[in-house]
1. Any chance the range 61-68 includes a residue that's under 24 Å from A201 (Cα atoms) and charged (D, E, K, R)?
2. Being assigned to a helix (DSSP H, G or I) and loosely packed, with under 15 Cβ neighbours inside 10 Å is the filter here, so list the residues in the range 188-200 that pass it.
3. Could you tell me which numbered condition T10 fails, if it satisfies all but one of (1) of a type outside the set (F, W, Y); (2) closer than 16 Å to A67 by Cβ; (3) over 16 Å from the mean Cα position of the chain (by Cα)?
4. Select, from L44, L82, the only residue that is aliphatic (A, V, I, L, M) and surrounded by 13 or more Cβ atoms within 10 Å (Cβ to Cβ).
5. Which condition number in (1) in contact with a His (Cβ under 6 Å, 6 or more places away or on another chain); (2) of a type outside the set (A, V, I, L, M, F, W, C); (3) under 23 Å from I2 (Cα atoms) is the one that R75 fails?
6. So in the range 144-166, with the set limited to residues that are hydrophobic (A, V, I, L, M, F, W, C) and surrounded by fewer than 24 Cβ atoms within 10 Å (Cβ to Cβ), which one is nearest to A15 (Cα to Cα)?
7. For the range 118-148, give me each residue that is assigned to a loop (DSSP other than H, G, I, E, B), among the hydrophobic types (A, V, I, L, M, F, W, C) and more than 19 Å from A164 (Cα to Cα).
8. Sort out which residues of the range 34-69 are outside any loop (DSSP other than H, G, I, E, B) and touching a strand residue (DSSP E or B) at 6+ places or on another chain (Cβ under 6 Å), and write them in order of number.
Amino acid sequence: MITLYEFAPTRSIRARWVLQELGVEFQSVTIDLRKGEHRSPQFLAINPAGKVPALVDGDLVLTESVAIALYLAERFPDRRLLPQDIGERAQVYRWLLFTATELEQPLWRIAQHTFLYPKEKRLPAEVELAREDFRRVAPVVESHLDGRTFVAGAALTIADLVLAYTLDWANEQNLLDGLPRARAYFERMYTRPRAAPRIAAAFASVNAHANQQGRN
């Protein structure tokens, strides 16, 4: 049994989405970041960095959401979330790396300087610089999606799942104005029958659960 350690509104969405698209049975273990469960000795034994998601498959322990996506696609090759052709596979690698290094990094900086860092360490100017960095690179995706259903080839791949989540993250920051193809693309991906929850829905779910526990 595969076990996914996750917290709903985080990059855990990527790993969960891949598992759901694959139709793989897995066990979910919630690591509540708000309660500091990611710093517990038990979880640090799984991921010393104290971050989610983390995946355990037999003796394999794997962290980093993109690495998890790649592993799962290779683990279940018959589901074809990673092309067999080397050239097509290279395009998947390209968009995975572009998403993680160019699109995600500004979004992560915004999160750090908006609510992750202590208030005294947050730099409003860094938020504006990060927003500018995202706006500078996002048109690359917008142009590439012209006439395309999927980002890398003619069929769904893990690159689509990773990118769609990241564009949803950008949308939460109101950074997709003027990017109609990118917006339509990620919204279309989230209509898939096995799609993971969108970020806003994931936040609403954990907040509802916390409120219910508080009433109990």
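1. Yes, some residue in the range 61-68 is under 24 Å from A201 (Cα atoms) and charged (D, E, K, R).
2. Step one: filter the range 188-200 for residues assigned to a helix (DSSP H, G or I), giving 188-189, 199-200.
Residues satisfying the conditions are R188, A200.
3. For T10, the failing item is (3).
4. L82
5. (1)
6. L156
7. Step one: of the range 118-148, the residues assigned to a loop (DSSP other than H, G, I, E, B) are 118, 122-123, 145-148.
Right, trim to among the hydrophobic types (A, V, I, L, M, F, W, C) and you get 123, 145.
Within the range 118-148, just L123 meets the criteria.
8. As a first pass, look at the range 34-69 and keep what is outside any loop (DSSP other than H, G, I, E, B): 34-35, 37-39, 41-44, 54-57, 60-63, 65-69.
Answer for the range 34-69, where residues must be outside any loop (DSSP other than H, G, I, E, B) and touching a strand residue (DSSP E or B) at 6+ places or on another chain (Cβ under 6 Å): A54, L55, V56, D57, L62, T63, I68.
The values are calculated or read from the model by the stated rules, or taken from the named source; none is laboratory data. Everything numeric here is computed off the predicted structure, so don't read it as measured data. Ideal geometry is used to build each Cβ from the backbone, glycine not excepted, and the neighbour counts take in all protein chains shown.
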